[in-house]
1. When you go through Thr94, Thr29 one by one, which is the residue that is within 17 Å of Ser196 (Cβ to Cβ), open to solvent by less than 80 Å² (accessible area, probe 1.4 Å) and touching a strand residue (DSSP E or B) at 6+ places or on another chain (Cβ under 8 Å)?
2. Against the condition more than 20 Å from Pro88 (Cα to Cα) and surrounded by fewer than 21 Cβ atoms within 10 Å (Cβ to Cβ), how does Pro143 come out, does it pass?
3. Given the condition in a strand (DSSP E or B), of a type in the set (Phe, Trp, Tyr) and over 12 Å from the mean Cα position of the chain (by Cα), answer yes or no: does some residue in the range 76-95 qualify?
4. Just to be sure, is Asp179 closer than 22 Å to Ser98 by Cα, open to solvent by less than 80 Å² (accessible area, probe 1.4 Å) and part of a loop (DSSP other than H, G, I, E, B)?
5. When residues of the range 41-70 are filtered for being surrounded by fewer than 17 Cβ atoms within 10 Å (Cβ to Cβ) and either free of Cβ contacts under 8 Å to residues at least 60 places away in the same chain or not in a helix (DSSP H, G or I) (or both), how many remain?
6. Scan the range 35-49 and tell me whether some residue there is of a type in the set (S, T, N, Q) and in contact with a Pro (Cβ under 6 Å, 6 or more places away or on another chain).
7. Name the residue, out of Gly126, Gly172, Gly105, Gly110, that is of a type in the set (Gly, Ala, Ser), at positive phi and surrounded by 22 or more Cβ atoms within 10 Å (Cβ to Cβ).
Amino acid sequence: LDGCILSTFIEKTNLENIASTLPENFNVTLSSSNSFSAHRRTIPLEQYLEETLASEILPSQLSNETWYLFGETYSEDWQKMLSDFCLPPCQTCTKELSALAFGIGSKGSGVQWHTHSTGFSQSIHGKKHWVLYPPEKRPMYDPDYTSRYWMEEVYTKLPPDKKPFECTLHQGEMIYFPDKWHHATINLDTYTVFVSTFTTEHGF
């Protein structure tokens, strides 16, 4: 793809370079990490990085009280920063037919169970664990508890035939999430960076 230089994107989004990749005193809009991403908070990027690296999200914390950078990355500055990202290999994975969402999370952070349209997600730095159910198998969960709480308190008690599909993405690996599939995520490293590509692909 034109402008696709993944090694450049990996380098400019590492912890040492991410702040200088964006304008000085750049603000980011955070959302709560519950199922609805209901609340918003705007702070400087460097403050978010300091808070993120200093804290691990624990199962006892409520997801509607923990903050997460993801999904509010559509401004001109964000689009310029994302210009080196390599889009996934699908028919509608073009700049005109897909939307990119950039994210940074700390260890233990993630988003509780939710659904949305189809797309791909790639781990750029760190590891990210995914759990998924098909549309007809809605999991039982409290939307205001963290996905880590669900994994440690609910998942561990499920019989084998009730457990979700799951995988861990390592740096450079990508997952395809089908339309309307229930899924939740957990970041496994202190500095976890990822990009999701939302597309109009269906039928896989």
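The values are calculated or read from the model by the stated rules, or taken from the named source; none is laboratory data. Here the structure is a predicted model, which is why all the values come from computation and not from measurement. Note that each Cβ is placed from the backbone with ideal geometry, even for glycine, and that neighbours are counted across all protein chains shown. Protein only, heavy atoms only, side chains kept; ligands, DNA and RNA dropped before computing areas. Shrake-Rupley method; radii C 1.70, N 1.55, O 1.52, S 1.80 Å.
1. Thr29
2. Yes: the conditions hold for Pro143.
3. Looking through the range 76-95, none of the residues is in a strand (DSSP E or B), of a type in the set (Phe, Trp, Tyr) and over 12 Å from the mean Cα position of the chain (by Cα).
4. yes
5. The total comes to 16.
6. Yes, because at least one residue in the range 35-49 is of a type in the set (S, T, N, Q) and in contact with a Pro (Cβ under 6 Å, 6 or more places away or on another chain).
7. After applying the criteria, what remains is Gly110.
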